[in-house]
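To keep things clear, I will list the structure first and then write my remarks on it.
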């Protein structure tokens, strides 16, 4: 995941730099804006999945730790169920949208299908669900012992 996100960042950086240079010399690229938008969307979805895998999303660990052990487990289970449920729904809706986009193409690059461009929605959502499921055992164990999800090594030793 890290390599995918790094590659997307490098491609986006290169594409934007190329677009600026060509615009400065008076030969703007027709496809520059549309491709930059697509790359930014892809970076957002894949970056979100990477953040999920690293437990880097916003949370309320202090609140969860302040709860009684039984309540901590229920709050964590509810939060995980809602998060996973949302991303399963997003993946399903994203997949159904792909069928609608089967005949649409980018304006500036008419050979590139919108179906391909928008495939990042179900793929990114599925990767997010996989990340949440991979970390679920650690998350539940941390909730049982009162540690913040994704706690650092120093926090785990105390």
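Please treat every number below as a calculation from the coordinates, not as lab data. Predicted, not measured: the structure shown is a model, and the values here were computed from it.
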Kirkwood Rh over alpha-carbon pairs of the chain plugged into Stokes-Einstein at 10 °C, 1.306 mPa s gives a D in µm²/s of 88 µm²/s
How much length would be gained if the chain were fully extended between residue 82 and residue 66, taking 0.36 nm per residue of separation minus their Cα-Cα distance, in nm to one decimal? 3.7 nm
Helix 2-24 sits at what angle to the longest principal axis of the chain, using alpha carbons and giving 0 to 90 degrees rounded to 10? 30 degrees
Nearest 10 degrees is fine. How inclined is helix 32-53 to the longest principal axis of the chain, computing both from alpha carbons? 10 degrees
CD proxy at 222 nm, helix term only [per DSSP H run n ≥ 4: -39500 (n - 2.57); per residue of the chain; nearest 500]: -25500 deg cm²/dmol
Residue separation times 0.36 nm, minus the C-alpha to C-alpha distance between residue 100 and residue 9: what's the value? 29.9 nm
Longest principal axis of the chain (C-alpha) makes with the long axis of helix 120-145 (C-alpha) an angle, in degrees to the nearest 10, of 20 degrees
